[in-house]
Structure formats: C-alpha cells, structure tokens
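What follows is a set of notes on a single structure, which appears directly below.
No lab work stands behind these numbers, since they all come straight from the coordinates. All values derive from a computational prediction rather than experimental measurement. Virtual Cβ from ideal backbone geometry, glycine too; neighbours counted across all protein chains shown.
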C-alpha cells in the first residue's frame, strides 16, 4: 500500500503540476507526507517517512534541472498508464493480474532499484547496483525522450534521482508525449492492482525501509522499464505485442513488467519469474506468460470409450521430489526457511468469500525443530540484561519485520501494530534509512529464525534434566522374538550419546503379569529388582532410587542392561499388565517429566487398561461401527495420555506383535504426548534388528526439546482455529509438547475473523518454548510474512502442494476416526474437484477450454498426491487391504511427518539400478544420477531385465526382474539367488557389485536418517510377495482402486459436471 | 454447565473437564429419577416429554460419550456447548410445563372447593 498511497496523493496534485514543478524539497514533500496516509499498513510503512530525507538528497543534487522539467512530465505519467489499462480492458475485472506482475517485477527489480536511492547513503552494496548503473548509460543515448516521461511519473520520488541527474536535459522529451491526461481511467486500475502488489513492498524489505519510497513509484513503471515501456505502450493500443526495442539491461525488467499487461489473465506466474527474468525479448515473454497462464491437459475422450484419450506419460509426476515454494522466499527474504513453516498458499485471501472459494485447506505446516544442514544453524540470542523483547499487547517476539521509529526509541509490532518502547539496553540509533545501526549484529532483526535464551520468568520450575524411562514388556513373546536383547543392546550402546550428559536421568520398569522395578543406586554394584504383583493398587517401592543419574550410576545401568536378556530368558508368562505398569511409570516420572519409551509386545491383558481383541468380526466392517475400531477402546488410554502430558512426559510406543495389539488404543498415548509410534509387525530380531536398532538409537540420541509448548501467532483479523498432529491442546491455541524433535511437524488451519482484511501483509510467528538438553530454557521463534491478496488466481498461483497435501492427510486421517474409509477418500477427492472447478471457472470466461483440464502450475501434482493419499496404508481399500494395526500405526505416523517425508511416503522413489551396478567404474556422480532418475510408479516402468529399487522413506524394496541377468542376482544374493526370496536375507556379499549396492543403500539411508529403510527383496511374478510392491505403485490400477489416468478422468468429469 | 465457557481461557482443560465430569452422572441420575417419578405419579404426558431426553442420555452413556474428553475438549467445544444449550432449553420448557400443570391443578382444587 505504501506505494499506492504515495502515488495517489501525488497524483491528484500532479495535474496541477504545482507540486511537481515546485523545487525539489516540495517534491519530496508530497511523498513524505503520503506515507502516513496509508494508515492501515503503518508498521511497514513507517520507514518510508524516514527515508524521504535521504531520498531528498539525491534529488537535491540532481535537483535543479529535474525540477524544471518536472512539470512537463506530469501529464505523461497518466498517459502511460492509461495505455496499459486500455490495452487489456478485458483484464480489468481480474485486474489483479497487473499486480502480480508488478510484484514480480518488484521482487526482482527491487534490489536494484533500492540501491539506486541508496546510492548516496551507500548502504547494502550487495545487489543490483551494477545492473542499474548500466541501464542509465544505455538509456541515455537511445531513449532519453521516451524515458523521461514515463520514468518520471511513477518514479518521481526516488527511482529518479540517479536518472534524473543524468537525463535531466533530455527532458525536452516531454513535449513528445501527448499529454492526454487520461489519468482518470488508468487510475482505478491502478489502485486495484495495488493492494495486491503492495504487500510485497512493505514486507519485501522491511529491513530496508528507506527504500520503499522510491520503490513504490517504480512499481507502476520503474524508470528503466519506462524506456522500453514507452514503445510497447505506444504499440499497445493497437496490438499487445510490445515493441521489442529494448536496451538489453532492461529487458530483464521488462520481462516481469510487461507481462502483466500483455497477459490479460491474472496469471503472471510468480513461480516462473526467475525464468521470465532471464527471458530475452518482451515478445517472447509475453508469449511465455500466455502459455503459462495455467497448465492444461487435453482430455479428448469419448465418453464410454475404453481409450481414455490421455497419454499417461504426459501426466505430471513429481519425479523431482518435493518442490519447495521459492517465490515466497524471494518475496520476503527475511522469512524463516520453508523447512520450518510452510503455508498452504503464500497469498492470504482478504475476505471470507475468497476463502470459501479456495476449497483447499488454508493453513500452515510447522516443523519447529527441523534438521538444518551444516552451517545454517539457528543462531542463539541471549538478552541477558534487557530481557526478551516482546510486544506489550500481543506478546509477539521481536523479529525482522518490526519497524523502529522515533529515532530508535520505539518499535512497532508488526502483528498488532502497537508502539512499544525500546528498552534502554537495547537501544541503538537509526541510520539515515531508518534502520538500526546494529542491524547486522542482531540475528533477531536479520533472520526469520532465531532462538532466544529464556530468563527465569519463562520457567515454572527449574529446567528439567533429560530423562529417559523405559517400560519394557518381558512376556514370553518379547523374549522369543529377540526384542529384549536388541533393545538392551541398543540402549547400552547409546548410553554415552544420550543428550545432556552430566544431568541425564534414566530408569527402567519391566512387566509381564507383575511389575518389576529396579533400584540402580550408584552405591550398589548390582541392580536390585523389586516385584509388585498387586495390580489393582499400584505403589512405588523406593520412590527415590528408581530414577538415577546416568553419569553416577552408569556401571549399574550397564550391568542391568547386560543381564536383562538373560534374566527373562526362561520367562513363560504370557500376560501383560501394561496399564498398571504405565501407571507406575507415571508415578515414578511425575516429579520430573521426560521421555517414556514403551516396548509392547502383546495385547494388554491384565489390570486397568486391558484391551479386548477387536476387529476379528468381519461383520463390523463397512458398518457404522467400523470407525470405532480406529479409536481407543478404553478411555483409560486417553486419560493416561492427558495425565502424561500434564506431567511433561512424552511417550513413544514401540509395538512388535505379529498379532493384534490394538495400536489404535495404545497409540493414543503417543498421539497426545507429542510422541510417535514405531510399529514392527511380526518382529523377528533376525530381520528387523537393524531397523529397531537404528530407530531406537535415533530416538534416544537426536536433539530433543523437553517440556515444550508451542504457539503460533498471526496478524489481526486471522486466527488459527484447528490444529492437527500429535500433541495436546492446553488452551485454545497452545500446544503442549512434552518432547519434540526434528521429525515432528504440526499442521494448523486458519480462518478469518473479520469479513475483510484491510492490511496488506500478514505475519506469522511460531514460538516454541522448550528446555534444551543442556538445561537451558529457550524460545525458538520463526517469523514469516505473507501478502494479502484480493484475487483468487493469485492464491492458486502461490499454493504449495506439499503443505496442502500435508493438511489433507491429517484431515483425512482424522476423518477415518469417525467415518468410514470410503468417506474420507471421497472427501479428499471432492475437495480437489471443487478446487479445480473453481479454478476452471476462473478461466473459462477468457479462454475456450473445451475438453481440456486445467490446473494451476503450483498444484499440478495435487491430483496425483491425492490419489496416492487414498492409496496410502492409512486410507486404502477396505479392511482386507491392511490390518487394523498397520492402518492405525500408519495413521499416527503420517499425522506427525514433516512435509517432505510425507510426500516421499505418498509418492516413493523408484530407481533402476542394474545399469549402475554393472558399470565397471562407477563414480559418486553415477550414484548421484542414478538416485535422481526417478521413474513413474507404474508397472510399465518395470522392465523384466532390470533391477529396481523402491524407496518410500521407510523401506526399500528391491525388485528383481524375471529376465535379470543371473550374474547380478548371484552377486547380490550369493548362492541362494534362485531360492524363494522371502527366505533370503539381504546382506553384503563379497563381491564388488554387492558392495556397491550396499554403499548406495547406505547413502540413501544417511540422507534420510529419521527412519531405517528395511530392505525387502521381491522377484517379478512371485506372488503373493510381489504385492507389497504392486500395492505401492500408485499410478496403476490395482484391485478396485483407480489408476492415475482413471483418477484424472474422474476428477475431470466431476469438474466439468457443474462447471 | 457453564464451565464450557469458563474454560475458554481461564482454567486449564484438566480442571474443567474433571469438574464437568463430576456433575454429569448426577445429572443423568436426577433426570432419570424425575422421569420415573412422572410416570409413577401418572403424569404420563410429562413423562412422555422427558423420555427423549432420557433416551439421549442413555444413548450417550451406552456409547460412552457422556464424559468430556480432556484430550479432545477443544475440538469438541462447539458441539458440547450446543448440546448443553439444547438440554438447558429443554429443561426450562419442562419446568414451565410443570409449573403450568401445578397451577392448573391448584386452580382445579380451588374450583372444587
């Protein structure tokens, strides 16, 4: 808005010429005065006021001449504007288009422009200065006359300075321009387009506020483009092909710039901006823009015919994996990285009606502790003396988008726009551009993600030590499967790596039909076991020594773990008193909280919380009672989960049974305590050992945040209304997370509180208050900004498929808890259909779409992921297609997965690796390229002469083609290569090829360490084992589910039905 | 009953749900007894009126959804409030009818005298 306002006020004045004609100072005046006007966007805007002074300087220098000419120009500007408007009259309604265009333009050009004004102050020399310098030069000779007028208008305030100075003389051009002051016409458009564009401005560069003033003006017609624009404009009325007379440096600008006008439809396609940028001539740009309006798929089917008329190869497939939204980041470079926060669309709708037309979920997916690559760690800020600086009213933490005013004594909160005082310790003067002089030294002002060290006010109790408590089932099945041994070994090997070294606490309980406590006091040499058999009235013997400090009692703990497997070797107890054991664990841990790891092998059968065998009654499936099987049977579990959270205990459940264990009930414990579920159906230590070891080790050693709470704040007018994931709500918007780590993500949905948003930008701030393993209380803050738009097309353009699908998944899984699977699937499909239909309606007016199916570029994978979601373990088929436990476990897991991993799970990688293995000298590069060559997930991709690797983030499936050369199989599998593969364990053999394959698998595993990929071997045509792969080939039509082509056809038909 | 509103912000879900849950069983019992009482005293019209309410309660109880769930309390908040408001309206209606009948009865007696 900043821009718009400044422009506006100036404008009215213009006709009169007086303001302009006046000496430079006045000139500036209007400008500076304008900023205040924008009232609505105060925070962002403020800076502008400051800058004027600075802006002036350049002006003044060039001053004398410029002013004189100024009068001449004035008329000009309007005319230029009017042209564009005239040209695309049809576009008017959707005028948003120019805005986006403008925005792109800004986005890119900004850096450069900004510099221009800054030139004098010499601020960040980083960006575009170079380009800028050149353009003027180029211009001078060629286009001076043209230049003048156009540039002038918009650029008045700032962009001009440099140019003005140089060109002032040529100003004579003025006369050329027929000063048809048709401003009235253009104006309206102008305004309209602005709102959309504006957001980017203020936010785009909050840090560099001063720039804005100049900025805005440029937007309409940045000076450089002006040169070109002139010709294009002139031509415009006649036809839209802009004249290609362009100085090369400018072209770039033009690309962004011209586009909006030439393309009537609003779809300038931000994502593509970079390309436009580089695109050479305007004409090509225009074409490009037109083509990229939306993507379409021609579906020329004859209804009823067998041939669907769709080339299945042409359908979009996310073979490059997840594409992070980049435009968002370019627009707001100060936003936190998208690995922490992803919005389903980075253009927030400004009205209820827009939301209701959007049809997809509107919200965010937050992964507060996402793993960062080396070198990008979140910086830690310690305000030792002044305390953490937050807004008085809305409690927002200080962030890059706040603006400082009053010479640095006050700051304006970007979320509630309240003026706060800057504490004395934190004061720093502002430089000429309204930026704090210590800007670079303060990460909280320069980065979207920071971590504050919290003082004592943020603690209700002293920070707890990291605490690990193990609840281990030692009944007969646990002994037989070898689970106890693997667990004991793994824990023992991780003892040294547990986080928070000197303070870490540890404790154990084992149980079968009785509960065994272990006293591991450091003074003992042997752990002491105490058995409690009274399950109805649990008490804790020795309340103090059951939890011990690891560093003090390490030897005792080690002895215990060494002897644990042998202790229960001969146990024949089949009962499991899980409920009472859980209660006992709660009692032991309630003082401190911590992480509770539950190893459960059978269905709980004794004491409270005993569960029945459900789900073997086939008649229940498909009736209204079916969803109840996916919810906890006994309220005891929900109650326990609530109590665990209350005492800051996070539970992770490891389930191993080959029979029904009621994950739906037991998993509740993890769901409401921010934990996760690991499910190893039919665990056998021979085959699952590595997987369990890896995952348990990761669970124990990864960086964990303890006793955390998370809140996400957002600007006035919008509100987060529902939250989805594994956590418990402690109040309407506070998520209680007893333990969080990098593998957990949370999703939330937004709603508008007011019918109309008046601000141009909304801000989101995620704050996670937690205790780090080192015992420090910290607050991790992620801040992001997003523009508010009035145009539905823009929302679609800025959509983020990954986040949308993530929310879809969570909503669908929640739906399965109260509805049939079928309903959940239909709901997903319906929403996709509605969204695409809305999108189609948006375009069908201007374009003859015929039988084509159209979808926004940003959502091209949406239908496919939707299909994959419907085929995922949690949602697919009916009861026969996945066991209850598997389904529940998958559901719980998917509720917590971060976006990237979820997408990989939904649409796994399929790679052909035999060529790589056969290559005699395979370099690392070959491995890279093999890993990148992903294939569509369909039977057609599988060549019977090949060896394929299927990787969904949780398991590998090696598929051996029937005609695969025996040499490969022999090398990989040893002598039993011809045997039944279900009985062959995959391991490294003594051959070059085998080593190479293992190295490749290892590499993939390392790139995605949160889960261990268990390797399955499958031979072509080997039923029923091959089904595990076939079920995952999403694109194919398998047993009653539709394939990709059918799915697209279905969607397309439904879209057209009521279009 | 009004606790639903109360816990908007001021009390935590644990307290509020335990307080709500404490009164739910007594409420169901009282309602049942009342219904039974109507039936026994021969006010079959009134008994009939309160039967749906009773049925609803019994149904909830059978489905084991009568108690407020701490973990889902925020998601259920809207529904719970609506449900309780309906119940309240229903009870008020019953109350008025009872008073009406009482007055009628009193008038009748009066007339007889």
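What to note about this one:
- Among beta bridges that DSSP assigns inside segment A:519-656, antiparallel share in %, nearest 5: 10 percent
- Test item: A:728-734 mean partner chain Cβ contacts at 10 Å: 5
- The share of alpha-carbon pairs in chain B lying farther apart than 19 Å comes to 54%.
- The calculated pair-distance distribution of segment A:909-1033 uses every alpha carbon pair, bins of 5 angstrom beginning at 0, and gives 2, 11, 23, 26, 23, 12, 3, 0 percent.
- Beta bridges from DSSP with both residues in segment A:467-702: antiparallel share about 30 percent, rounded to the nearest 5.
- With the gyration tensor restricted to C-alpha atoms of segment A:672-822, the semi-axes of the equivalent ellipsoid amount to 33, 22, 14 Å, longest first.
- Protection-proxy order for peptides A:701-711, A:415-425, each taking the mean of Cβ atoms within 10 Å per residue, highest first: A:701-711, A:415-425
- Listed by Cβ neighbour count within 10 Å, with the fewest neighbours leading, A:515, A:1004, A:509, A:1028 appear as A:1028, A:1004, A:509, A:515.
- For segment A:387-446: relative contact order, % (alpha-carbon pairs under 8 angstrom, 6 or more apart): 29 percent
- With the largest listed first and rounded to whole Å, the semi-axes of the equivalent ellipsoid of segment A:467-702 from the Cα gyration tensor are 28, 19, 17.
- Per-residue average of Cβ from other chains inside 10 Å of A:877-890: 0
- Mean partner shielding of peptide B:75-82, defined as the number of other chain Cβ atoms within 10 Å of each residue Cβ, is 1.
- Ordered by the number of other Cβ atoms lying within 10 Å of each residue's own Cβ, fewest first, A:497, A:658 fall into the sequence A:497, A:658.
- Ranking of A:378, A:372 by count of other Cβ atoms within 10 Å, fewest first: A:372, A:378
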